[in-house]
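What follows draws every value from the coordinates through simple rules; no lab data is involved. Since this is a predicted model, take the numbers as computed values, not measurements. Every residue, glycine among them, receives a Cβ derived from its backbone with ideal geometry; neighbour counts consider all protein chains shown.
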Amino acid sequence: MAVPAWAQQGRGAQEIYSCIDRQGRRITSDRPIADCVDREQRVLDHTGTERRRIGPTLTEHERSAQELQRRKEAEERARVAEERRRERVLLARYPDEAAHQAEREAAIDQVEEVIVVAHKRIQALKVERRRMDSELEFYRGDVNKAPAKLQRQIAENHADQAEQQRFLAAQDQEKRRIHQRFDAELAQLRQLWAAQRAAAAQWTPPQK
């Protein structure tokens, strides 16, 4: 009667390695099999029961590629987990569209408040400039003939008005940025709210 190869290794053997090589032959050994370094090997005990499996032996390049792939997969899992966390935060912060719209309006109102202050500052600077222009008429409107103090005041007034105009332009950009942010959130939230409603509709309370 033929005796299995793993039995022939002796009862004292701790582990038997088994694999099928490139030619389709089943090989067994009491140590990792050189002819199967490129494929999976089964590790058996002395009864022939599989204890574990070991993967193919990889080259340095293959190990690097495998490690890179593992890192990419880990990063993707972390990205998905972070996205799910952010979705939960959004849903907790904005339970409905009215709450989201209220926060949008509050954010815009804050920008509008500083815009009003900037416009008031510009109007005050224009009043000052008219006073300077009246004084400049004494010098036939020629700034170069005006006293150094008046020249300096006119230059500072011009610079201040320009600065306020730049500030207003920045606030307009901020308002557009706020609307873009809330628009993007709203699109995502509508999907999340719909998913919540669908889950709630499918939920069945436990039977008492």
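Hey, what does the equivalent ellipsoid look like for region 38-149, semi-axes from the Cα gyration tensor as sqrt of 5 times each eigenvalue, largest first, whole Å?
Each semi-axis is √(5λ); the values are 77, 27, 7 Å.
With the alpha-carbon atoms as the only input, what is the per residue convex hull volume for the chain in Å³? List each step's numbers first, then the result.
Numbers: hull volume 71.5 nm³, N = 208.
So the per-residue Cα hull volume is 344 Å³.
Work out the charge dipole of the chain with +1 on the Cβ of Lys and Arg and -1 on the Cβ of Asp and Glu about the Cα centre, then indicate which of GLY141, ALA162, LEU91 is farthest towards its positive end.
Farthest along the dipole direction, towards plus: LEU91.
Taking every Cα atom in region 96-189, find the radius of gyration and the maximum pairwise distance Dmax, and write them in Å.
20.5, 66
What do the square roots of 5 times the Cα gyration tensor eigenvalues come to for region 53-109, in whole Å, largest first, as semi-axes of the equivalent ellipsoid?
Rounded to whole Å, the semi-axes are 47, 12, 5.
If I take R0 = 30 Å and measure r between the Cβ atoms of ARG84 and ILE108 in this structure, what FRET efficiency does the formula 1/(1 + (r/R0)^6) give, to the nearest 0.05?
Given R0 = 30 Å and the Cβ-Cβ separation, E is 0.55.
Starting from region 154-208, pick out the chymotrypsin sites (Phe, Trp or Tyr not before Pro) whose DSSP state is loop and whose Cβ has at most 13 other Cβ atoms within 10 Å. Kindly include the intermediate steps, with their values, before the conclusion.
Working: sites: PHE167, PHE182, TRP193, TRP203; in loops: TRP203.
For chymotrypsin sites (Phe, Trp or Tyr not before Pro) across region 154-208 that sit outside H, G, I, E and B with at most 13 neighbouring Cβ atoms in 10 Å, the list reads TRP203.
Whole-Hz Karplus ³J(HN,Hα) for region 78-95, in order, using 6.51 cos²θ - 1.76 cosθ + 1.60 and θ = phi - 60°, x for Gly and Pro?
5, 5, 5, 4, 5, 5, 5, 4, 5, 5, 5, 5, 4, 5, 5, 6, 10, x
For the chain, what does the helix formula give at 222 nm: sum of -39500 (n - 2.57) over DSSP H segments with n ≥ 4, over the residue count, nearest 500 deg cm²/dmol?
Only helices count here, giving -23500 deg cm²/dmol.
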